[in-house]
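A short reminder: the numbers here are calculations on the coordinates, not readings from a lab. In this text the structure is predicted, and so the values were computed from the model without any measurement. All Cβ positions, glycine included, derive from the backbone under ideal geometry; neighbour counts span all protein chains shown.
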Amino acid sequence: MMNQLNELAQFYKALGDETRLRLVQLLAQQKPGHARCVGSLAKALGTTASNVSQHLKLLKDLGLVEPSRRGYRIHYYLNQDRIAEYDHLRAELLNKTITTLEPIDELEEINMSCKQDPNCKHPERKPNNENCTSEQIEKCHGENAEQHCCENQ
């Protein structure tokens, strides 16, 4: 499982760069069977062909982008099967994780909030005007219950 997590992390790391994400977006907008050369992609992104080539190499190493030689130029297209594999991996790994988490008890969070301060910057945590107990204030604001988070903002 750790190897799969590493693989998914590399996928997200690759898409975490804005230029690469825009590059993938451009390639995703192509009609099936069409591909774009480095020069065309560079022009569309407003960058150099060298920059696009470096980003394409990383995407190609992950299997997200496939090259296709057309004459003396290489054109690129998205590998839809590989993208589907990453999507499946994401669903398998992250949905398991998310569904096994304990649900957050919203009532407990509300009870932790400070209801004493009428100028509190967290009104969503104040369902009514009841006073908090000293334990609730400490739980919400820490050991220094004299200094409320609302006063710091």
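Table for the structure above
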item	result
Residue count, region 19-44 (criterion: farther than 17 Å from Arg70 by Cβ and in contact with a Leu (Cβ under 7 Å, 6 or more places away or on another chain))	9
Qualifying residue in region 75-97 (condition: over 24 Å from the mean Cα position of the chain (by Cα) and small (Gly, Ala, Ser))	no
Number of the condition not met by Phe11 [criteria: (1) farther than 14 Å from Tyr86 by Cβ; (2) surrounded by 13 or more Cβ atoms within 10 Å (Cβ to Cβ)]	(1)
Single unsatisfied condition, Tyr76 versus (1) in a strand (DSSP E or B); (2) farther than 12 Å from Val24 by Cα; (3) not basic (Lys, Arg)	(2)
All positions within region 22-38 that are in a helix (DSSP H, G or I), touching a helix residue (DSSP H, G or I) at 6+ places or on another chain (Cβ under 9 Å) and without any contact (Cβ under 8 Å) to a residue 24 or more places away in the chain	Arg22, Leu26
Within region 58-73, tally of residues that are of a type in the set (Gly, Ala, Ser) and outside any strand (DSSP E or B)	2
Complete set of residues in region 27-57 that are more than 22 Å from Tyr72 (Cα to Cα) and under 20 Å from the mean Cα position of the chain (by Cα)	Ala28
